[in-house]
Amino acid sequence: MEQFGYPGAADIPATEGVKLKKGDGHVLLADCDATTDQIKIHTVKDDTVGRKGNYCFRATAPSGYLTLELPRVFALETGEHPISADLTANGETTTVDIAEGGYRSVGEGTVGGARSVLVEIRVTG
């Protein structure tokens, strides 16, 4: 039975500073570049744990999902696909929707916002 584990996930935290858990293969970690068709996650960079300031993902279909663990997220940006994302802070989960070509501050990127962990990205169109 397919477990939908992310390929090579065991090696990614050490090299990328993010824990990718599972997905349907339609949301993939990508190099950040000038491509407009990327989902960009902005985090507080921390070299001591290998966390970069930005992470990019590529959607390969109009729908898909990826569960992950990415701390200190403060903004989400979309390209050609709208997304829905789940973030946790202080034991509570919040879902945010971002339209195609949109940008949204979340967690500590908002006034008085708590440190948040991105736990799921869903491509919704």
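The values are calculated or read from the model by the stated rules, or taken from the named source; none is laboratory data. No experiment lies behind these values; they were computed from the predicted model shown. So basically every Cβ, Gly included, is an ideal-geometry build from the backbone, and we count neighbours across all protein chains shown.
Take T124 and decide whether it is surrounded by 13 or more Cβ atoms within 10 Å (Cβ to Cβ), polar (S, T, N, Q) and either over 18 Å from K52 (Cβ atoms) or in contact with an Asp or Glu (Cβ under 8 Å, 6 or more places away or on another chain) (or both). Answer is yes for this residue. I'd like the full set of residues that are in contact with an Asp or Glu (Cβ under 8 Å, 6 or more places away or on another chain) and among the aliphatic types (A, V, I, L, M), limited to region 48-95. Within region 48-95, A59, L66, L68, I83, A85 qualify.
Just so you know, in region 4-23 the residues that are in a loop (DSSP other than H, G, I, E, B) and surrounded by 15 or more Cβ atoms within 10 Å (Cβ to Cβ) include one that is modelled with the lowest pLDDT, and it is Y6. Considering only residues in region 45-102 that are in contact with a helix residue (DSSP H, G or I) (Cβ under 8 Å, 6 or more places away or on another chain) and not in a strand (DSSP E or B), the one that is farthest from L29 (Cα to Cα) turns out to be R72.
Against the test of being under 12 Å from the mean Cα position of the chain (by Cα) and hydrophobic (A, V, I, L, M, F, W, C), the options A34, A114, A30 yield a single qualifying residue, A30.
Among the residues of region 48-67, those that are surrounded by 13 or more Cβ atoms within 10 Å (Cβ to Cβ) and either touching a residue at least 60 places away in the same chain (Cβ under 8 Å) or basic (K, R) (or both) comprise R51, K52, F57, R58, A59, S63, L66.
Take the conditions (1) in contact with a Leu (Cβ under 9 Å, 6 or more places away or on another chain); (2) more than 20 Å from L20 (Cβ to Cβ); (3) loosely packed, with under 15 Cβ neighbours inside 10 Å; A99 misses just one of them, which is (1).
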